[in-house]
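The values are calculated or read from the model by the stated rules, or taken from the named source; none is laboratory data. Computed from a predicted structure; not experimentally measured. Cβ atoms come from the backbone with ideal geometry, glycine included; neighbour counts cover every protein chain shown. We work out accessible area using only protein heavy atoms, side chains counted, and drop any ligands, DNA or RNA first. Shrake-Rupley method; radii C 1.70, N 1.55, O 1.52, S 1.80 Å.
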Amino acid sequence: MTWQPNIHASLFLNTYEYMAKTSALDDIDALMKAYRLYAEQISTCGLEPLLTITRAWRLVKFVDANMLAMTRCSKCGGHFVTEPYENARHFECGLCTPPARAGKGAVAGGILLH
Ligand SMILES: [Zn+2]
């Protein structure tokens, strides 16, 4: 399993959206809670969290502004951060199809790494 920045972003956003939907937390509390869960899950896997809280917040804002979206993987059914114009029906995530070419998920990766 490869843990690219996109997977980190996706893991965090899935947790965040779940928090925001299922609790009465306001945005910042949902963010803090989701971030803590994300960091826990990552360290359980023996990995360092790539995402910082600042980047996690920026990610949420990008999704709010429709600059990024969550797209369902046609193979594993997981939800991943992609650019919104991604053809949802044919989308395969970075775990099912590790990207040979740069480009897919470059925006999400860029947020995390720069
Ligand atoms: Zn997949």
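Here are a few things to note about the model shown:
- Residue list for segment 12-51, filter: open to solvent by less than 80 Å² (accessible area, probe 1.4 Å) and over 16 Å from residue 61 (Cα atoms): 23, 25, 37, 38, 39, 42, 43, 45, 46, 47, 49, 50
- Filter result for the condition that a residue is at pLDDT below 90 and part of a helix (DSSP H, G or I), over 34, 102, 108, 30: 108
- Search result, residues across segment 70-91 that are within 16 Å of the ligand (Cβ to nearest atom), in contact with a strand residue (DSSP E or B) (Cβ under 8 Å, 6 or more places away or on another chain) and open to solvent by less than 90 Å² (accessible area, probe 1.4 Å): 70, 71, 73, 78, 79, 80, 81, 82, 86, 88, 91
- Close Cβ contacts (under 7 Å, 6 or more residues apart or on different chains) running from residues in segment 29-50 that are closer than 14 Å to residue 15 by Cβ to residues that are outside any helix (DSSP H, G or I) and aliphatic (A, V, I, L, M) comprise 33/25; 38/51.
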